[in-house]
Amino acid sequence: MIHRGIKAFCNLECLTTFAVEQTKTPSFKKRFEKLRNKKAKRLKPKSNRELLKEAQACVNRYVRMRDIYRGYGCISCGQPYLNQKWDAGHYISRRHNFTRFHLWNIHLQCVRCNRYGYGEAISYRINLINRIGEDKVKWLESNYLSLRKYSNDELQRIKKIFSKKSRIMEKRIDESLSR
């Protein structure tokens, strides 16, 4: 007697005939097609837009970790870091590719200021000058209109670098909390 799952078969020949019959059913064909599509999707190269989204997520994660590790709160309202939702707020909008991934442009910001307060640009600028200096803020404001297009290789590299940096920063935060 051969057992496969909850089914029992008298011999190997019965098992193989049952398996052949199962492959002809519509449900088996659907599952097989779904697996084939999943594999094809995994092998398909990602578009520039998908890579841009993934790279931005990695950079934002790093920036949040960086500012939490340094003990900063919200750059706009100064609210201290607590266990709640936080964003990586951009001083200059992300639609301007030249400053999109620039670390001077991205800082920890509470959801209230970033999403519902439309970035709180005035208080963001005042606190940004205190944090990085007026000359760097003026550089951001004067250069954000420069054109920049990222290639897929550059985006993959940005994603790889900032994934590694955020893992390192996360370990630092865990070490400082365990002390």
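The values are calculated or read from the model by the stated rules, or taken from the named source; none is laboratory data. Here the structure is a predicted model, which means the values were calculated and not measured. With ideal geometry, Cβ positions are generated from the backbone for all residues, glycine too; neighbour counts draw on all protein chains shown.
For (1) at pLDDT below 95; (2) on the phi > 0 side of the Ramachandran plot; (3) in contact with a helix residue (DSSP H, G or I) (Cβ under 6 Å, 6 or more places away or on another chain); (4) assigned by TED's automatic domain parsing to the domain that holds R64, each residue gets a yes or a no:
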position: A121; (1), (2), (3), (4): yes, no, no, yes
position: R125; (1), (2), (3), (4): yes, no, no, yes
position: Y144; (1), (2), (3), (4): yes, no, yes, yes
position: L155; (1), (2), (3), (4): no, no, yes, yes
position: K164; (1), (2), (3), (4): no, no, no, yes
Q. Which of the residues spanning segment 59-84 are within 16 Å of L103 (Cα to Cα) and out of contact with any strand residue (DSSP E or B) (no Cβ under 6 Å at 6 or more places or on another chain)?
A. V59, R61, Y62, M65, R66, I68, Y69, R70
Q) helices (runs of 4 or more DSSP H) wholly in segment 1-111 with at least 1 residues that are assigned by TED's automatic domain parsing to the domain that holds R131 and touching a residue at least 24 places away in the same chain (Cβ under 8 Å) - which ones? A) 48-70, 97-100
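Here is a yes/no grid of residues against (1) under 17 Å from the mean Cα position of the chain (by Cα); (2) farther than 23 Å from R157 by Cα; (3) at pLDDT 90 or above:
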residue: R66; (1), (2), (3): yes, no, yes
residue: R70; (1), (2), (3): no, yes, yes
residue: C74; (1), (2), (3): no, yes, yes
residue: Q79; (1), (2), (3): no, yes, no
residue: Q84; (1), (2), (3): no, yes, no
residue: A88; (1), (2), (3): yes, no, yes
